[in-house]
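Colleague: Got a structure for you, questions after.
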Amino acid sequence: MSSKFSKKYNINIYDVDSNYKCKYSSLMNYLWDVVVSQSDSLGETDNGLVNNCIWVLLKYDLNIIEYPKFRDTITVETDIVGIKRLYGYRSFTIKDSNENILISGLSTAILIDFEKRKPVKISSEQCKVYGIEKELEENFPLDDFLNISTAKYSKNYSVRYSDIDSNKHVNNVKYMDIAIDTLPREIINNYEISNIKVLFKKEATDGVTLDVNSDVIINNDNELTTLHTIFNSNHDKPITKLEFKWLKL
């Protein structure tokens, strides 16, 4: 069995923003789709389920060198980095038709019992499917995010039915949309994201209200960092933490 898998995608009109560049949300959807496609191709999953368990994404850390554009054809590749205890690690690259790397990064995921909503140990059978012979020496850091000292921008967001995915919780990409929507349009219109780092700590479900706090750190004339924490109004700890680096256009 191979730990590597790739799939081609065409950038369609519904994938791009007003500048005809592929939206970060579309890129994130490609990354998750290639994971599901690989799992299904290896016989690990059936419609996303692994013996009534599901892979749940915990963290993305992605560097964006260049955004693909409308009508481009890209290749999304993933490779299994390894496992450590309950965590599974993958690398990703997105290449253009000339094999230039546009995006690269890592993800951390965990296997969850779909009914009990509790973590499940990765089985030896799954390790064999991906050619994993032993665990990694160390875990990759999870919560290595900068903390917000004072929230410059805040919003409340009521989770909609359309925000819910097949795992019955808010789709991961939605948290990014919600966080970025708190920012001034001056930032969104004059900068673009060069690094995405997201930690998903708890799930949110249909009908809850989320409290979103954001801060902006100006690194220099051409670069800034935005920090975001998203709270469920029923909890006192963040359910999602996000950190974006932005480059001036």
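The values are calculated or read from the model by the stated rules, or taken from the named source; none is laboratory data. Since this is a predicted model, take the numbers as computed values, not measurements. Virtual Cβ from ideal backbone geometry, glycine too; neighbours counted across all protein chains shown. SASA here: full protein model, heavy atoms, side chains in, ligands and nucleic acids out. Shrake-Rupley method; radii C 1.70, N 1.55, O 1.52, S 1.80 Å.
Colleague: If I filter region 206-228 for residues that are under 20 Å from Cys22 (Cα atoms), touching a Leu at 6+ places or on another chain (Cβ under 9 Å) and crowded, with 16+ Cβ neighbours inside 10 Å, do I get at least one hit? Break it down into steps so the answer makes sense when it comes.
Modeller: Here is the first cut: in region 206-228, the ones under 20 Å from Cys22 (Cα atoms) are none.
No.
Colleague: From (1) surrounded by fewer than 22 Cβ atoms within 10 Å (Cβ to Cβ); (2) at pLDDT 95 or above; (3) closer than 19 Å to Arg160 by Cα, pick out the condition that doesn't hold for Ile196.
Modeller: Of (1) surrounded by fewer than 22 Cβ atoms within 10 Å (Cβ to Cβ); (2) at pLDDT 95 or above; (3) closer than 19 Å to Arg160 by Cα, only one is false for Ile196: (3).
Colleague: Right, another one. If I go through region 16-42 residue by residue, how many of them are within 30 Å of Ile188 (Cα to Cα), touching a residue at least 12 places away in the same chain (Cβ under 8 Å) and not hydrophobic (A, V, I, L, M, F, W, C)?
Modeller: Total satisfying the criteria: 8.
Colleague: Take region 217-249 and flag every residue that is under 18 Å from Thr182 (Cα atoms) and more than 21 Å from the chain's Cα centre (by Cα).
Modeller: Ile217, Ile218, Ser233
Colleague: Taking region 116-128 only, how many residues are farther than 12 Å from Asn167 by Cβ and part of a loop (DSSP other than H, G, I, E, B)?
Modeller: The total comes to 6.
Colleague: Does region 15-63 hold any residues that are among the β-branched types (Val, Ile, Thr) and assigned to a helix (DSSP H, G or I), and which are they?
Modeller: Val34, Val35, Val36 - these are the residues of region 15-63 that are among the β-branched types (Val, Ile, Thr) and assigned to a helix (DSSP H, G or I).
Colleague: Condition first: assigned to a strand (DSSP E or B), more than 21 Å from Val36 (Cβ to Cβ) and of a type in the set (Val, Ile, Thr). Now tell me which residues in region 64-86 satisfy that.
Modeller: Taking region 64-86 and keeping what is assigned to a strand (DSSP E or B), we get 64, 69, 73-84.
Checking which are more than 21 Å from Val36 (Cβ to Cβ) leaves us with 64, 69, 84.
Of everything in region 64-86, just one residue is assigned to a strand (DSSP E or B), more than 21 Å from Val36 (Cβ to Cβ) and of a type in the set (Val, Ile, Thr), namely Ile64.
Colleague: What is the number of the single condition among (1) modelled with pLDDT of 95 or more; (2) more than 15 Å from Pro184 (Cβ to Cβ); (3) in contact with a helix residue (DSSP H, G or I) (Cβ under 9 Å, 6 or more places away or on another chain) that Lys241 does not meet?
Modeller: (3)
Colleague: Right, something else. On the given criteria, is Ser149 small (Gly, Ala, Ser) and open to solvent by 70 Å² or more (accessible area, probe 1.4 Å)?
Modeller: Yes.
Colleague: Taking Asn98 as meeting all but one of (1) of a type in the set (S, T, N, Q); (2) touching a Ser or Thr at 6+ places or on another chain (Cβ under 7 Å); (3) free of Cβ contacts under 8 Å to residues at least 40 places away in the same chain, write down the number of the exception.
Modeller: (2)
Colleague: Can you name the residue in region 113-132 that is in contact with a Cys (Cβ under 8 Å, 6 or more places away or on another chain) and either surrounded by 15 or more Cβ atoms within 10 Å (Cβ to Cβ) or among the polar types (S, T, N, Q) (or both) and, of all such residues, is nearest to Asn52 (Cα to Cα)?
Modeller: Filtering region 113-132 for residues that are in contact with a Cys (Cβ under 8 Å, 6 or more places away or on another chain) and either surrounded by 15 or more Cβ atoms within 10 Å (Cβ to Cβ) or among the polar types (S, T, N, Q) (or both), the one nearest to Asn52 (Cα to Cα) comes out as Phe114.
Colleague: From the residues in region 69-102 that are over 17 Å from Ser3 (Cα atoms) and open to solvent by less than 10 Å² (accessible area, probe 1.4 Å), which one is farthest from the chain's Cα centre (by Cα)? Steps first, answer last, please.
Modeller: Going through region 69-102, the residues over 17 Å from Ser3 (Cα atoms) turn out to be 69-74, 85-86, 95-102.
Checking the rest, the ones that are also open to solvent by less than 10 Å² (accessible area, probe 1.4 Å) come to 74, 102.
Details: Ile74: 18, Leu102: 16 Å.
Looking at the filtered set, the residue picked out is Ile74.
Colleague: Can you tell me how many residues within region 5-25 are open to solvent by less than 70 Å² (accessible area, probe 1.4 Å), among the polar types (S, T, N, Q) and modelled with pLDDT of 95 or more?
Modeller: 2
Colleague: Further question: Quick test for you: out of Leu247, Leu242, pick the one residue that is of a type in the set (A, V, I, L, M, F, W, C), buried (at least 21 other Cβ atoms within 10 Å of the Cβ) and either out of contact with any Asp or Glu (no Cβ under 8 Å at 6 or more places or on another chain) or not in a loop (DSSP other than H, G, I, E, B) (or both).
Modeller: None of the other options fit; the residue is Leu242.
Colleague: Hey, among Asn167, Asn139, which residue is touching a Lys or Arg at 6+ places or on another chain (Cβ under 9 Å) and open to solvent by less than 100 Å² (accessible area, probe 1.4 Å)?
Modeller: Of the residues listed, the single one that is touching a Lys or Arg at 6+ places or on another chain (Cβ under 9 Å) and open to solvent by less than 100 Å² (accessible area, probe 1.4 Å) is Asn139.
Colleague: Turning to a different aspect of this structure: Can you give me the number of residues within region 182-215 that are out of contact with any helix residue (DSSP H, G or I) (no Cβ under 8 Å at 6 or more places or on another chain), of a type in the set (Asp, Glu) and not in a strand (DSSP E or B)?
Modeller: 2
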